[in-house]
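Notes to accompany the following structure.
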Amino acid sequence: TVQAPWWTRAVVYQVYPRSFADSDGDGIGDLGGVIEKLDHLSDLGVDVLWLSPVYPSPQDDNGYDISDYQDVDPLFGSLEQLDALVEGLHARGMRLVMDLVVNHTSDEHPWFQESRSSPDSPKRDWYWWRPAREGMAAGAPGAEPTNWESFFSGPAWELDEASGEYYLHLFSRKQPDLNWENPEVRQAVYAMMRWWLDRGVDGFRMDVINLVSKRVEPDGSLHDGPPVPGTPYGDRSPETVCGPRIHEFLAEMHREVFAGRDGGLLTVGETPGVTVEDARLFTDPARAEVDMVFQFEHVSLDHGPGGKFDPRPLSLLDLKASFGRWQAGLADVGWNSLYWDNHDQPRAVSRFGDDSPEHRRDSACCLATLLHLHRGTPYVYQGEEIGMANYPFTSLDQVADIESVNWAREALAAGADEAAVLAAVRHSSRDNARTPVQWDAGPHAGFTSGTPWLAVNPDSTGWNVAAQRDDERSVLAHHRRLITLRHEDPVVSLGSFTMLLPEHEQVYAFRRSLGDDELLVVCNVGSTPVDLGEGLPEVAGAALVLGTHEPADDGTLLRPWEARVLRPA
Ligand code: ISL
């Protein structure tokens, strides 16, 4: 039998460097800060650090707009510090995964500057340049080459006055999409990736990698998407998500970059809109594309018809049905990545848990237990390990994220009520995840000696790393135990998954089995007690392996947000 890959036992920790720790007092986190906090990561026990972008960038989208792939922005430090980070991680038995953002570059990247310089530029075809819609004047309303909306509001096309042509940007207008149809583009990307691996990094988290293949006709034409009601746009998804050449491109990347290197690497594709069927193809080891992908189904279940800024309550039944399908779909082929939080999502304890003082600790621990006991590789986002919560935004001036800012501007321009816009932003903004990490109860939570670029959450006096480090009941200590359990117990990493009580409205329960070994996980996903009664007879007499609460006398009564990992007798 083949040995399971190391990352089946691993836990990844994501650092969003701008908000992690600031070593030089400019109010923006940096590599010096990451290096200073490495012992926090090794105490937590994580195996891999995924570092969000630190490359030179105009910071239109906080570094996801890159102007040089092979350097470090002075805002964050230097290449030498990046080497020191790799060394510091390796010395502690951890690995570094870099963010790879190659669906687009910054408009200030030399490739784009050259491409834009003239329609005859040898790099013109490195990006998506198209004339105005047939019969329309460039710049006229609706003259964009297709009807696609950008992820960050407004059309996905920007007119370049000099040439009279438009370029495609699925994200901000400062993030032009690279044309992966052009083999020179792909080779330039692969060469850059090899350069980083040769430097000692251990893999890549690949930003929106399933958007790199667009549906394009042999004559170069792109298509309008079906109209989206209530908007002037069409749905770009069928034209851009998992396009016709996506698997060809990822297999080629694998051959050109990863083949023949040792097995110590990790690749994870960020793939909005993927189905279980797509994910099986991406992560089937026999196909040699990527190790795992981030899917978005469970973080879309609370989106209403108007999308993420139109939230609706999450149904636990929907959540269980979704995770259950992903667990089953990737049971024999492929691998899941598991996450609640990242730099694009509101904080899990506020969104899926209950961040009121009474239930915050317990619900954060319950959610962590649920996540870490599924089959797949868990990802912990900075601050999640201490139960950081959403920010109580009281004014739109407090948000910085381009997605929220643009959306709010358009909503207000369209006549939306200001209080409603603020409420939507408070609930859904990516800035909820981007407030500085709360290290201690001091000024600015110990994040910076200067003025933080985004305000620290006022709850930092009670919720911080220092307060939890030596408290065995803390969210932090609970994460440590969960990570240790995955390291030590093969049934956690490799056991099969069976959903139990799928129709229960408040209990999330499942079984993991490996050979003769078995674990039973039961979680009360609610702020009221619930009695399992006869629902799961195995619970009576089972031994508590790990739990959110002290063992109680009444075997079947789960306290609010109680989670138990049990080994049946
Ligand atoms: O943030 C989102 C939810 O509203 C997503 O639509 C997000 O834009 C999408 O998942 C892609 O995210 C990644 O690429 C973006 C960048 O802004 C995100 O931070 C990054 O994670 C463009 O590079």
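Just a few scattered comments:
- The residues listed here are ASP397, ASP344, ASP332, ASP291; of these, the one that is under 30 Å from VAL257 (Cα atoms) and without any contact (Cβ under 8 Å) to a residue 24 or more places away in the chain is ASP332.
- Beta carbons closer than 6 Å, at least 6 apart along the sequence or on distinct chains, pair a first residue in the range 135-148 that is on the phi > 0 side of the Ramachandran plot with a second that is surrounded by fewer than 23 Cβ atoms within 10 Å (Cβ to Cβ) and not in a loop (DSSP other than H, G, I, E, B) for GLY139/LEU159.
- Qualifying residue in the range 110-126 (condition: on the phi > 0 side of the Ramachandran plot and not polar (S, T, N, Q)): no
- Those residues of the range 531-560 which are assigned to a loop (DSSP other than H, G, I, E, B) and under 15 Å from HIS504 (Cβ atoms), in sequence order: LEU532, GLY533, GLU534, GLY535, LEU536, THR556
- Residue selected from the range 276-296 under the condition within 16 Å of the ligand (Cβ to nearest atom) and either assigned to a loop (DSSP other than H, G, I, E, B) or not assigned by TED's automatic domain parsing to the domain that holds GLY324 (or both), by the criterion surrounded by the fewest Cβ atoms within 10 Å (Cβ to Cβ): PHE296
- When LEU454 is tested against (1) part of a loop (DSSP other than H, G, I, E, B); (2) within 16 Å of the ligand (Cβ to nearest atom); (3) buried (at least 21 other Cβ atoms within 10 Å of the Cβ), only condition (3) is not met.
- Filter pass, SER237 being at pLDDT 95 or above, on the phi < 0 side of the Ramachandran plot and either of a type in the set (A, V, I, L, M) or in contact with a helix residue (DSSP H, G or I) (Cβ under 8 Å, 6 or more places away or on another chain) (or both): no
- Residues of the range 1-53 satisfying the condition of being among the hydroxyl-bearing types (Ser, Thr, Tyr) and either without any contact (Cβ under 8 Å) to a residue 40 or more places away in the chain or part of a helix (DSSP H, G or I) (or both): THR1, THR8, SER19, SER23, SER42
- Each residue in the range 64-106 was checked for being within 13 Å of the ligand (Cβ to nearest atom) and more than 22 Å from HIS40 (Cβ to Cβ), and 10 pass.
Quick grid of which residues meet (1) closer than 19 Å to PRO131 by Cβ; (2) within 16 Å of the ligand (Cβ to nearest atom); (3) among the acidic types (Asp, Glu):
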residue: ALA156; (1), (2), (3): yes, yes, no
residue: TYR166; (1), (2), (3): yes, no, no
residue: LEU178; (1), (2), (3): no, yes, no
residue: ARG186; (1), (2), (3): no, no, no
residue: LEU211; (1), (2), (3): no, yes, no
residue: PRO229; (1), (2), (3): no, no, no
residue: PRO232; (1), (2), (3): no, no, no
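- Residue among SER57, SER52, SER42 that is within 15 Å of the ligand (Cβ to nearest atom) and within 30 Å of ARG469 (Cβ to Cβ): SER52
- Inside the range 127-157, residues that are over 27 Å from the mean Cα position of the chain (by Cα) and either within 24 Å of TYR55 (Cβ to Cβ) or part of a strand (DSSP E or B) (or both) make up a count of 2.
- Residue in the range 60-68 that is within 23 Å of GLU87 (Cα to Cα) and aromatic (Phe, Trp, Tyr) present: no
- For the range 317-359, the set of residues classified as assigned to a helix (DSSP H, G or I) and either closer than 23 Å to GLU385 by Cβ or among the charged types (D, E, K, R) (or both) consists of ASP318, LEU319, LYS320, PHE323, ARG325, ALA348, VAL349, SER350, ARG351, listed by residue number.
- Here PRO110 clears all of (1) crowded, with 18+ Cβ neighbours inside 10 Å; (2) within 17 Å of ASP60 (Cα to Cα) except the condition numbered (1).
One line per residue, one yes/no per condition, for (1) under 24 Å from ALA10 (Cβ atoms); (2) surrounded by 14 or more Cβ atoms within 10 Å (Cβ to Cβ); (3) in contact (Cβ under 8 Å) with a residue 24 or more places away in the chain:
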position: ASN432; (1), (2), (3): no, yes, yes
position: THR435; (1), (2), (3): no, yes, yes
position: ALA466; (1), (2), (3): no, yes, yes
position: ASP471; (1), (2), (3): no, no, no
position: ARG486; (1), (2), (3): yes, yes, yes
position: PHE497; (1), (2), (3): yes, yes, yes
position: PRO502; (1), (2), (3): no, no, yes
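- Within the set VAL299, VAL268, the sole residue that is within 16 Å of the ligand (Cβ to nearest atom), touching a strand residue (DSSP E or B) at 6+ places or on another chain (Cβ under 8 Å), closer than 25 Å to LEU367 by Cα and not small (Gly, Ala, Ser) turns out to be VAL268.
- For THR146, the test of being among the β-branched types (Val, Ile, Thr), over 30 Å from GLY88 (Cβ atoms), crowded, with 19+ Cβ neighbours inside 10 Å and away from the ligand (no atom under 14 Å from the Cβ) is passed.
- Selection count where residues are away from the ligand (no atom under 14 Å from the Cβ) and either modelled with pLDDT under 95 or among the small types (Gly, Ala, Ser) (or both), scope the range 374-425: 13
- So ASP198, is it modelled with pLDDT of 95 or more, more than 16 Å from the ligand (Cβ to nearest atom) and of a type in the set (Asp, Glu): yes
- For first residues located in the range 257-280 and in contact (Cβ under 8 Å) with a residue 24 or more places away in the chain and among the hydroxyl-bearing types (Ser, Thr, Tyr), partners that are more than 15 Å from the ligand (Cβ to nearest atom) and in a loop (DSSP other than H, G, I, E, B) and lie 6+ apart or on another chain with Cβ distances below 8 Å form the pairs THR267/VAL290; THR267/ASP291.
- Residue in the range 107-129 that is within 14 Å of the ligand (Cβ to nearest atom), in contact (Cβ under 8 Å) with a residue 40 or more places away in the chain and farther than 18 Å from TYR16 by Cα present: yes
The values are calculated or read from the model by the stated rules, or taken from the named source; none is laboratory data. On a predicted model such as this, the values are computed, not experimentally measured, just so you know. Note that we place each Cβ from the backbone using ideal geometry, even for glycine, and neighbour counts take in every protein chain shown.
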